[in-house]
Structure formats: C-alpha cells, structure tokens
Amino acid sequence: MILELQGISKRFGGLVALKDISLNLDEGQILGLIGPNGAGKTTLLNVISGSLRPDNGYIRYQGKEISKLSSDRRCQKGISRTFQISRPFSKMTVLENVMVAAIFGDRSQKQEPPRDRALSALRFVQFSIDENTLAENLNTVQLKRLDLARALASNPSLLLLDEIAAGLTPLELADLVGVIRHTRERGVTIIVVEHLMRMILRLCDKIVVLHYGEKIAEGTPEEICQDKRVADAYLGENYLL
Ligand SMILES: Nc1ncnc2c1ncn2[C@@H]1O[C@H](COP(=O)(O)OP(=O)(O)O)[C@@H](O)[C@H]1O
Ligand SMILES: [Mg+2]
C-alpha cells in the first residue's frame, strides 16, 4: 500500500469540507476521485500534498506517517501534483518552469542534466509549442499540460491530478488518457480528479465518490455506475444505462 488515509477531517470555519475520510491506495493503481463542485476533492488533494493540514486523522505514505511534513518535503519524497488553477512562474519560460521541478524534486540522483530531464518531460506530455515561450503567454489548456510536465519532472511516485482535462478536444483527451496510462506503466500511482466520466471510467481501477465532504461510495467503475446513492448525488440516470 503506497497511501493510507485514516479519519481525515477538515473544517473551514463552520463548513465541514472533509468528514472522516479513510481510503487506501495500492502502488500502481489509478484512483478516480469524483463528486459535485464543492464536494471536497481539491481539499483532499491539498491534505495529501501537504498544502493543508487536516484537523483530524493521519496520512501514511510508503509506510510512514507524513501528516506533519511540509508540502516541499512531501514533494521530495515523491508526492507531486497539478493545480486546478495553474500557478506557473509567469515570467519564466516553459522550459525554465519545468527545470525548476527537475532540479528541486528529482530524487533519482541521475547524472542527466536538469535541462534534458525537463525537455524529456515536455516531450512525454506532448507539449506542442515552443519551450522558450513565457508561461504568461500560455492558454489554460497549455498551462495544464505545463503543470503536468512540471509534476512529472520531479519524478513522482504518487501523482495527484486536479481537473487537467477541462477544455480539451476529444482528440486531446484521448492523448491525455494515453499519457496518464503511460505514466502508470512507469510505476507511478495516480489520483485523478475529473468530471468527465468517460475518462474516469476508462482510466481508473477504483473510484471514490465525495459528496459534501463525505465519502459516499468506493468501488470499481462498474460498481460505482450501479450505485444508487452515486446516481442520486452526482451521476444522474444516464450513467446507469
Ligand atoms: N481555503 C478555503 N477556505 C474556506 N473554504 C474553503 C477553502 N477551500 C475550500 N473551501 C470550501 O470547501 C468546500 C470544498 O471545496 P473543494 O475542495 O475546493 O471542492 P471541489 O474541489 O470538490 O470542488 C467548498 O465548500 C469550498 O467553498
Ligand atoms: Mg476542485
């Protein structure tokens, strides 16, 4: 087991964003995290990556308790993420942005220069525009792809993806699914937050459904599609067919 969450809760003032969430993730799995807007998906990724401290509960990663580690220590231990709203270094180029991640996060001690590793991450995610473009000149779709390259350049064991498929054409979506599968084949465990059920169902070994901060279901894609509570809370009748 690479990740174990036990009894995680997070409150923002009076709002309970996460309520007693427990889940386990085996190495090499792709977990889909779904639920309506405001369900707590991003908050859960923040708690795992260390940008938010939970009020209760513990997080074990590769067998060790990590709840008290900062997000940069967690990144160096192999937990990388993308952001629902990308925050690149806007005055730096695409390549420089990815190089920062390659220099900071990579624990592999390989001799390959950071520039080469950054370029190979950009190639891997099929980044299609000039790597010398300033990040501030990228559109949302390109920024999400840059974010993915940055996360991969830090050589993660656990990768957290927060809505990176939004705005893609069907062809770009198929490419992205390929990139995520290929990443898993390299041995990376992945949590995917996404609204596109077609993508989630194609990609994930297991799905967890959040609703108002609570885990209301967990199972294989087939089990989730047949779950009455999930249909009522999120999917609607169409997905039962
Ligand atoms: N930093 C914050 N301060 C206050 N409320 C927050 C904060 N972050 C998230 N929330 C609230 O917590 C709930 C869960 O948000 P979020 O995790 O972003 O949901 P999701 O990603 O599933 O759409 C929402 O009601 C949101 O408004
Ligand atoms: Mg979110």
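The charge dipole of the stretch 11-87, taken about its Cα centre with unit charges on the Cβ atoms of Lys, Arg (+1), Asp and Glu (-1) only, comes to about 260 debye.
Could you grab the relative contact order for the stretch 1-105? Cα pairs under 8 Å, six or more apart, rounded to a whole percent.
It rounds to 26 percent for the stretch 1-105.
Based on DSSP H segments of at least four residues, each scored -39500 (n - 2.57), the chain has a per-residue ellipticity at 222 nm of -9500 deg cm²/dmol. In the stretch 61-136, Cα pairs under 8 Å separated by at least six residues give a relative contact order of 40 percent.
Rg/Rh for the chain (Cα atoms only, Rh after Kirkwood) is 0.96. When every Cα-Cα distance of the stretch 175-217 is counted in 5 angstrom steps from zero, the calculated P(r) takes the values 5, 18, 28, 24, 12, 9, 3 percent. Based on the Kirkwood radius over alpha-carbon pairs, what is the Stokes-Einstein translational diffusion coefficient of the stretch 1-135 at 4 °C with 1.567 mPa s viscosity, in µm²/s? Answer from the Stokes-Einstein relation: 77 µm²/s. From the Cα gyration tensor of the stretch 128-206, with a ≥ b ≥ c the square roots of its eigenvalues, which class applies: rounded if a/c is under 1.5, or else prolate if a/b is larger than b/c, or else oblate? Oblate, because a/c is 1.5 or more while a/b does not exceed b/c. In the stretch 100-241, Cα pairs under 8 Å separated by at least six residues give a relative contact order of 18 percent. Checking every one of the trypsin sites (Lys or Arg not before Pro) in the stretch 160-207 against DSSP loop status and a limit of 16 other Cβ atoms within 10 Å picks out 186. Cβ-Cβ distance of residue 202 and residue 12, R₀ of 45 Å, FRET efficiency by 1/(1 + (r/R0)^6): the value works out to about 0.85. Counting other Cβ atoms within 10 Å, keep those with at most 14, restrict to DSSP loop, and tell me which chymotrypsin sites (Phe, Trp or Tyr not before Pro) in the stretch 81-187 are left. For chymotrypsin sites (Phe, Trp or Tyr not before Pro) across the stretch 81-187 that sit outside H, G, I, E and B with at most 14 neighbouring Cβ atoms in 10 Å, the list reads 89.
Taken together, the values in this text are just the output of simple stated rules run on the coordinates, not laboratory data. Model, not experiment: these values are computed from the prediction. Glycine also receives a Cβ, built like all others from the backbone with ideal geometry; neighbour counts cover every protein chain displayed.
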